[in-house]
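The values are calculated or read from the model by the stated rules, or taken from the named source; none is laboratory data. All figures in this text were calculated on a predicted structure; none of them were measured in a lab. Ideal geometry is used to build each Cβ from the backbone, glycine not excepted, and the neighbour counts take in all protein chains shown. Just so you know, the surface numbers come from the protein's heavy atoms only, side chains and all, with ligands and any DNA or RNA stripped out. Shrake-Rupley method; radii C 1.70, N 1.55, O 1.52, S 1.80 Å.
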Amino acid sequence: MSATSAAAPAAFGRERLIGRWGIASFHSDKDRRRTESEARAQCSLPCVIAKGPTDGVMMHVADDAKLYELRLKGDATGKTYIGFEAPPGDPQDREILSSSDRLMTMRFVDPDANRRYGTFVYVRCGG
């Protein structure tokens, strides 16, 4: 994050994230399509993103099994992040690369976490 990054409204509300999701990740764009199918297959054991006690959502962070309340944050360039109460683009944030009601992609801002985990694909589970 640069020192000039300014906070702005997120591109969408937390309701878009709430629900049951199949998740998989990839490291190379050529694997994205296959990864979407793998994420869909994970709906048999979905990741649940729930409303947080305040204005965020309950999710895991890198290398920690505990759930935390994270919030959506936008920046002046139009990017959307999810993370702790900190300026947008904080190293602990995830950048949401794309988002629709059925499919999301995101990656960790921290280069080491991004290298280890890759780009996450979230596919909304049916129902």
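A single entry from R71, R40 fulfils the requirement of being closer than 16 Å to F12 by Cα and not in a loop (DSSP other than H, G, I, E, B): R71. Annotation: S37 fulfils all but one of (1) within 25 Å of D112 (Cα to Cα); (2) surrounded by fewer than 17 Cβ atoms within 10 Å (Cβ to Cβ); the unmet one is (1). Taken over the range 82-112, the residue count meeting the criterion of being in a strand (DSSP E or B), open to solvent by 20 Å² or more (accessible area, probe 1.4 Å) and touching a strand residue (DSSP E or B) at 6+ places or on another chain (Cβ under 7 Å) is 5. Per this entry, R115 is counted among residues that are closer than 16 Å to H27 by Cβ, open to solvent by 20 Å² or more (accessible area, probe 1.4 Å) and not hydroxyl-bearing (S, T, Y). With respect to (1) more than 22 Å from A11 (Cβ to Cβ); (2) over 16 Å from the mean Cα position of the chain (by Cα); (3) open to solvent by 60 Å² or more (accessible area, probe 1.4 Å); (4) not aliphatic (A, V, I, L, M), the lone exception for G126 is condition (3). Yes or no: the range 44-59 includes at least one residue that is within 17 Å of Q92 (Cα to Cα), touching a Phe, Trp or Tyr at 6+ places or on another chain (Cβ under 8 Å) and open to solvent by less than 90 Å² (accessible area, probe 1.4 Å). Yes - at least one qualifying residue is present in the range 44-59. Tell me, yes or no, whether the range 16-29 has at least one residue that is under 16 Å from S98 (Cα atoms), open to solvent by 40 Å² or more (accessible area, probe 1.4 Å) and charged (D, E, K, R). Yes, the conditions are met somewhere in the range 16-29.
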